[in-house]
Amino acid sequence: HGGYIYSDGRHLCSLCHTSVVNEDSVIQNAYRSVLNQLESVGIHNIPRDLSIELVSLDQLNKNSGNLAHSNLKGFTKTELLTNSKNNQTRTYQVFLLNGLPKIEFEAVLAHELLHVWLNENELKLSSFISEGFCNLGSELIYNNDPTRFSQIHLKSLSDNNHPNYGGGYLFMKNNLEKFGWNNLLKNLEGIEN
């Protein structure tokens, strides 16, 4: 009934299409909103000048290499640069799937920004813990949005049968409920699955 079909085969209803993120100003507003929501639970020091690029599903899968999968909606490329004085800095490039509705865009962006936060804090975690933790960022965004759309996506997070994105998420959600954000953030490297 008036929905949209993207060239990569994705479908989007006409109601969701009204909030699709496709302009720089909307991207930047969403970026600021996500940073504020992450900061509200104690996640600070995420760079505010990251490159965020909207890409097709084909380009997203190409950029993510061996991490590509059918449900991929975002990927963060990290480069470690060393200058002539042997000082190291990281640069990040965030790729997000084009055509996402605003709240889903923000949830995917939150997940990717938590990968940046883990890198900035030099936390070395298993994929199970890191992907589960990053999905807590998506959960945060959906929990802060009282719509049916967000409730459906929260259920999707819980029902995901991928060992890291689903199992890791449920494991980290349980830890968050037990310890709260403050203690979880302080003890991330000590969490064992």
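The values are calculated or read from the model by the stated rules, or taken from the named source; none is laboratory data. Worth saying up front: this structure is predicted, and the values here are computed from it rather than measured. As a convention, Cβ positions derive from the backbone with ideal geometry for all residues, glycine included, and neighbour counts pool all protein chains shown. Each accessible area value is taken on the protein alone, full model and side chains, heavy atoms only, with ligands, DNA and RNA left out. Shrake-Rupley method; radii C 1.70, N 1.55, O 1.52, S 1.80 Å.
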Scope the stretch 24-67; condition under 29 Å from Leu176 (Cα atoms) and touching a strand residue (DSSP E or B) at 6+ places or on another chain (Cβ under 6 Å); matching residues: Ile27, Leu50, Ile52, Ser64
Residues of the stretch 40-59 that turn out to be open to solvent by 60 Å² or more (accessible area, probe 1.4 Å) and within 21 Å of Thr91 (Cα to Cα), as a count: 6
All positions within the stretch 93-149 that are among the basic types (Lys, Arg) and either within 12 Å of Val34 (Cβ to Cβ) or in contact with a Phe, Trp or Tyr (Cβ under 7 Å, 6 or more places away or on another chain) (or both): Lys102
Total residues in the stretch 41-70, condition within 18 Å of Asn135 (Cβ to Cβ), more than 15 Å from the chain's Cα centre (by Cα) and either part of a helix (DSSP H, G or I) or at pLDDT 90 or above (or both): 2
Qualifying residue in the stretch 106-115 (condition: more than 11 Å from the chain's Cα centre (by Cα) and open to solvent by 10 Å² or more (accessible area, probe 1.4 Å)): no
First in the stretch 22-41 and under 15 Å from Ile103 (Cα atoms), second anywhere and open to solvent by 40 Å² or more (accessible area, probe 1.4 Å), Cβ under 7 Å, 6 or more apart: Asn22/Leu54; Asn22/Asn98; Ala30/Lys102; Leu35/Arg48; Gln37/Asn144
Hits in the stretch 116-146 - residues which are in contact with a strand residue (DSSP E or B) (Cβ under 6 Å, 6 or more places away or on another chain) and open to solvent by less than 20 Å² (accessible area, probe 1.4 Å): Val116
Flag for Lys62 being surrounded by 14 or more Cβ atoms within 10 Å (Cβ to Cβ) and among the basic types (Lys, Arg): no
Gly168 vs. criteria small (Gly, Ala, Ser) and loosely packed, with under 12 Cβ neighbours inside 10 Å: no
Among residues of the stretch 78-92, those that are outside any loop (DSSP other than H, G, I, E, B) and either open to solvent by less than 10 Å² (accessible area, probe 1.4 Å) or among the hydroxyl-bearing types (Ser, Thr, Tyr) (or both), counted: 5
